[in-house]
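Worksheet: the structure to be examined is printed underneath.
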Number of protein chains: 4
Amino acid sequence: MINAGIIGGAGYTAGELLRILINHPDVDIAFVQSNSQAGKPIASVHTSLIGETFLHFTAQGDYGKADVLFLCMGHGKSAAFLEATPVPPEVRIIDLSTDFRAESPSHEFVYGLPELQRSRIREANRIANPGCFATAIQLALLPLARHGLLEDDVHIHAVTGATGAGQAPGATTHFSWRDNNLSVYKAFSHQHLAEIRQSLTQLQPGFAHQLNFLPLRGNFSRGIFATAYLYTDLGADKARDLYEAFYAGSPFVFLSPSNPDLKQVVNTNKGVLYLEKHGSRLLIISMIDNLLKGASGQAVQNMNLMFGLDEAAGLRLKPSQF
Amino acid sequence: MINAGIIGGAGYTAGELLRILINHPDVDIAFVQSNSQAGKPIASVHTSLIGETFLHFTAQGDYGKADVLFLCMGHGKSAAFLEATPVPPEVRIIDLSTDFRAESPSHEFVYGLPELQRSRIREANRIANPGCFATAIQLALLPLARHGLLEDDVHIHAVTGATGAGQAPGATTHFSWRDNNLSVYKAFSHQHLAEIRQSLTQLQPGFAHQLNFLPLRGNFSRGIFATAYLYTDLGADKARDLYEAFYAGSPFVFLSPSNPDLKQVVNTNKGVLYLEKHGSRLLIISMIDNLLKGASGQAVQNMNLMFGLDEAAGLRLKPSQF
Amino acid sequence: MINAGIIGGAGYTAGELLRILINHPDVDIAFVQSNSQAGKPIASVHTSLIGETFLHFTAQGDYGKADVLFLCMGHGKSAAFLEATPVPPEVRIIDLSTDFRAESPSHEFVYGLPELQRSRIREANRIANPGCFATAIQLALLPLARHGLLEDDVHIHAVTGATGAGQAPGATTHFSWRDNNLSVYKAFSHQHLAEIRQSLTQLQPGFAHQLNFLPLRGNFSRGIFATAYLYTDLGADKARDLYEAFYAGSPFVFLSPSNPDLKQVVNTNKGVLYLEKHGSRLLIISMIDNLLKGASGQAVQNMNLMFGLDEAAGLRLKPSQF
Amino acid sequence: MINAGIIGGAGYTAGELLRILINHPDVDIAFVQSNSQAGKPIASVHTSLIGETFLHFTAQGDYGKADVLFLCMGHGKSAAFLEATPVPPEVRIIDLSTDFRAESPSHEFVYGLPELQRSRIREANRIANPGCFATAIQLALLPLARHGLLEDDVHIHAVTGATGAGQAPGATTHFSWRDNNLSVYKAFSHQHLAEIRQSLTQLQPGFAHQLNFLPLRGNFSRGIFATAYLYTDLGADKARDLYEAFYAGSPFVFLSPSNPDLKQVVNTNKGVLYLEKHGSRLLIISMIDNLLKGASGQAVQNMNLMFGLDEAAGLRLKPSQF
């Protein structure tokens, strides 16, 4: 069994991680560290775990007892934690923040998008888990980049559920405001653009077109619904063939034969893609659950790869559908 | 024209009041006082007022210039405000907090439920505006109390929209939590029970039965949907007659001929009631918009009465229905 | 007073029209014709009108008694109705369907977007009321077209509320499906593109760029939230000046000084626009209530113009905001 | 492996059953029969199963190949099906309709609420799977009935998600209507009262008090949130002891230590209960997912018992929580 420790255990991604790991056939939860909730039962915070665990949050985990640490502390805090904290080098680390997503000689983290680089992840000791928008958008574009087909600007819209904004309450996550509402934020400037471009350039060296990305706040709890289109000569059938081939070995990414809707992927670790060609425009719809394939599910997928397990272990989740 | 001043102008009830008063044919807005937003345009906070007002929040209104002050500061703050602030005695005051709803020799506030005591309100200088749950539940029960027919315990459930919890964000108004969710709070002990009992006893002296009231948090923005039932010999037709008679002079309370739904009343100042008799059980459904008939609309209704205007002036609002 | 008749009185747009006209200071409702509901009280179908009207649906209105007829029957049915029905020529007609939006020598309908051609509407006897998506998108683009500045392809993404799909229940309006869901439909091929292009070409002759329009089904009841962007040399300040100037005489269209959200416009007849410039990309956000500025509110605005009334008569509606 | 056949495969409960059985360690799906969808891929109807199954609906299953048949056809149709269809007697049957919930000498179906009669279910060949409201309400009241403590009328209020109404679209499942709405239906007369009373009387012979049950339509997709209270001398601690003892051997029913909310149970097979005592009133909150513990999850739980499997096999589902 793999002993897993969680740092930053009270937030949304830690909760989702726990909901997965509790039923993972190859994992024991060694400890769940939380400053704010230390001493309390885990199920008193992540209340849907009632009856599934009697663990309590701890102020300080014993890192030596963990085979893998999941860092769920929020952006900017993982780097500070690792500087301040002596984690034994043999403990594998999966960081869910943005801190190490930019590959750099200054650190050894590998960008953890299995569909981009499964074999590097299998060899890695430290993983930077991708962002939720970044995952949805990369799944939409990687097969084109692989074939050097991103030959024009790409027009991207993506709507995120409220859990993407995290647990801290605020004006734009207040129910009275968000219910039946929509808004744009960080137009053309979302921080995930950096990691998206990094991956696309990795597959299509020299890629220099615009990624015109409009993120929207949606009035739903889970999910990312992204559309991307570009002008291309690539035909519809050929496009589908490329996508099918690219994702042939990926247990979680599927090409929908018909026009999909977001709830198909909610409460699953799937990425569902759909292609349509209209004149010279190739439209790609890409959908994930932001807490699963966009965060904690992908973190477990990475863990599975790092430890040589079935990539889908613990991740065959019943979809909610409704 | 009546000059109206608003104290505590940045919150939900003040916003709703402004959205009404801006189109009220007999009112000018003298000032809107807000500590937190002083100096900013009103439409920058109550954003749906774009194009309707160029007023700014002020740190300190000139109370002498107002014919009526609406106190929208939140519970506990109105009493403190009035102690600290020299409001000229000829300025009428309508307080939306709970502070003066308990009638008492220590203050001159009149409980402002027009359907209970329209003539006292017409003569009043100071009004304690009723609570939202309290309004919905009293509308359901007053006609029975008038005839001494509350002869058994009453069983009450009421579900409130998220705006009832006010603007400050918190765990139970976080969209991720509240979306598609329900919960009970303050079972059998909600603070509005006091004002409800006060009114029922006023109409039915000696009333001493239980009011078993379960309040629920609903996953919608506006509205209160209340059910109440009790065992009674009163027949269905006779009950409808009593209710029709009781509300004959009330421009906002209606008896629905068929089973209603909450959105009938949303964005209106109406109270809609519906009666069914099942065996010895008389069921009353009562619905209001918590921000209108449950707060700011009722405050304007009270103002209209105090100033001798048409009771419905400024309150003939287009329902949203959807 | 203007006597108004409504044909197709049981649907969503007729209901919204009634909710407006009942409080319109210059209108009497002459009759509301409905095949499916003839004989029933209007308030039994449009239930939020309880207490506001005692009218009944009629199987056959007396068209000679109407000064204006609103056709609310759905697409394709207005043309058939007018062929089969002898409407006296002096009765003005406002058609809410798509049937006459394409201007043509074969009919005398004028396209009823006041912000495009207020003076033609004032002289018209017959009005083709614009589509909801078409209104939101035209409001976003007309000022650029006026100045010949649509010099590149335009990228448009717009999400519609469920009321846009009408009253007939179906798979994609089922609550279980649509709740917390999103989907694309009619990608790049929505029928409203024709009327949008017609108007743009009217202002910018020779306009031949792509309008890449992705319509989405949103999980909310009312509203259209549209974004449009294009590459342009036009600076941000200059753009704002153009938009302010273009809409200077329009009582319902406003430029938001800050990043807006859809609920600002819900239950109003407003169009709210917002501009941002990012590098060479000009982003325009455009928001309307699909049942008001996108349908029945605009129909009343057109009626007001045709009869020489204040353009905003009956349309100063309290926003719901929440 | 157990070979499972599903009759009526296109509806909501069949879809949920498939989403469970596909990951059940001891089950193979033999066939999924559907008149309306015969020949189509299952994943084209239950779209969240993309990538999980390549099975197609069949017009006619081979009942001899099944160890168990799940009847998911809707109320009234199961009895007709079994009369017309020669199902081999050794094939176990689990019926999700109301048809056989009333125990009777005329049929051999056992009422399949494991928490009521686990041992009878283990021996049964035919199971009548309980209703969703009935399950939530029985879980709230069974421990009291076991001890003869239902000594007064019980006041019950329960709100159901839209999936409870099934797949056929209609007025009260239209998104435009149901979004942000609430309504009562079948007040004091819901058909599930019969099976609730049958079980309570089984445990507390002679039980004859009123079950005053108000069912409400909620604006959410999944779940039932029920409250029940009655006057009783039973103390809070003693009540909790009784409930803990009653459910000690039940793997899915838990007593929450703190005030719960509906989403704790969504996408799980759990029943979560919560007790509060207020004066003489004992309040019980009971929550289930209507499609799981209220339908298909409970059906699988019954199957597990009938075949001697771990009662929770295939039902350790990741909660969605959000």
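The values are calculated or read from the model by the stated rules, or taken from the named source; none is laboratory data. Quantities reported herein were computed from a predicted structural model and do not represent experimental measurements. So basically every Cβ, Gly included, is an ideal-geometry build from the backbone, and we count neighbours across all protein chains shown. Heavy atoms of the whole protein, side chains included, go into the accessibility calculation; ligands, DNA and RNA do not. Shrake-Rupley method; radii C 1.70, N 1.55, O 1.52, S 1.80 Å.
Data table
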{"item": "Per-copy distances of the residue C:202 label point, shortest first, in nm (7 angstrom along Cα→Cβ)", "result": "5.2, 5.8, 7.1"}
{"item": "Set A:293/A:318; A:65/A:318; A:263/B:263; C:270/C:318 screened for pairs whose C-alpha atoms are more than 20 Å apart", "result": "A:65/A:318; A:263/B:263"}
{"item": "Net charge dipole size for the stretch D:132-290 [Lys, Arg +1 and Asp, Glu -1 on Cβ; Debye, nearest 20]", "result": "360 debye"}
{"item": "Most mobile listed residue (B:302, B:267, B:181) in chain B, GNM with C-alpha springs under 10 Å", "result": "B:181"}
{"item": "Loop trypsin sites (Lys or Arg not before Pro), the stretch D:141-201, which have at most 16 other Cβ atoms in a 10 Å radius of their Cβ (DSSP)", "result": "D:186"}
{"item": "Interface residues, the stretch A:196-226 - accessible area loss of 50 Å² or more versus chain alone, probe 1.4 Å", "result": "A:219, A:220, A:221, A:225"}
{"item": "Simple spin-label estimate for residue B:1 and residue A:202 in nanometres, 7 Å along Cα-Cβ", "result": "6.5 nm"}
{"item": "Radius, Kirkwood style, for the stretch A:98-205 when every pair of distinct Cα atoms is counted (Å)", "result": "15.7 Å"}
{"item": "For the stretch A:132-290, the Rg and Dmax computed from alpha carbons only, in angstrom", "result": "15.6, 46"}
{"item": "Cross-link reach list, aspartates and glutamates versus residue A:40, counting only Cα pairs under 20 Å and skipping chain neighbours closer than eight places", "result": "A:16, A:28, A:52, A:62, D:261"}
{"item": "Viscosity 1.567 mPa s, temperature 4 °C, Stokes-Einstein D of the stretch A:195-241 from Kirkwood C-alpha radius, µm²/s", "result": "94 µm²/s"}
{"item": "Rel. contact order, % - alpha carbon contacts under 8 angstrom, at least six apart, chain C", "result": "18 percent"}
{"item": "Globularity index of the stretch D:43-162, i.e. its alpha-carbon radius of gyration over 2.2 N^0.38 Å", "result": "1.30"}
{"item": "Share of carbon and sulfur in the accessible heavy-atom surface of the protein assembly as shown [1.4 Å probe, %]", "result": "50 percent"}
{"item": "Interface residues in the stretch C:299-322 - accessible area drops by 40 Å² or more relative to the isolated chain, probe 1.4 Å", "result": "C:318, C:319, C:321, C:322"}
{"item": "Spin-label model distance (nm) - residue C:120 vs residue B:75, 7 Å beyond Cα toward Cβ", "result": "5.8 nm"}
{"item": "Helix-only [θ]222 nm of the protein assembly as shown, DSSP H runs n ≥ 4, -39500 (n - 2.57) each, per residue, nearest 500", "result": "-7500 deg cm²/dmol"}
{"item": "Interface C:D - total buried accessible surface [probe 1.4 Å, Å², rounded to 100]", "result": "1300 Å²"}
{"item": "The stretch A:12-43 residues near the modelled residue A:307 label - backbone nitrogen below 19 Å, point 7 Å along Cα→Cβ", "result": "A:14-33"}
{"item": "Hits among aspartates and glutamates - C-alpha to C-alpha of residue C:238 under 14 Å, sequence gap 8 or more where chains match", "result": "C:276"}
{"item": "Sequence-separation-based contact order of the stretch A:132-290, relative, with Cα cut under 8 Å and 6+ spacing, percent", "result": "32 percent"}
{"item": "Taking all pairs of distinct alpha-carbon atoms in the stretch B:224-322, Kirkwood radius in angstrom", "result": "14.4 Å"}
{"item": "Rg over Rh [alpha-carbon atoms, Kirkwood Rh] for chain A", "result": "0.96"}
{"item": "Rg over Rh [alpha-carbon atoms, Kirkwood Rh] for the stretch B:271-311", "result": "1.24"}
{"item": "The protein assembly as shown: C-alpha pair distances exceeding 54 Å, %", "result": "23 percent"}
{"item": "Per residue accessible area of chain B, 1.4 Å probe, in Å²", "result": "31 Å²"}
{"item": "Distance between the stretch B:35-83 and the stretch D:262-322 - C-alpha centres, whole angstrom", "result": "49 Å"}
{"item": "Nearest-20 debye value, chain B charge dipole, Cβ charges on Lys, Arg, Asp, Glu", "result": "540 debye"}
{"item": "Those GluC sites (Glu not before Pro) in the stretch B:1-103 that DSSP places in a loop and that have at most 14 other beta carbons within 10 Å", "result": "B:90"}
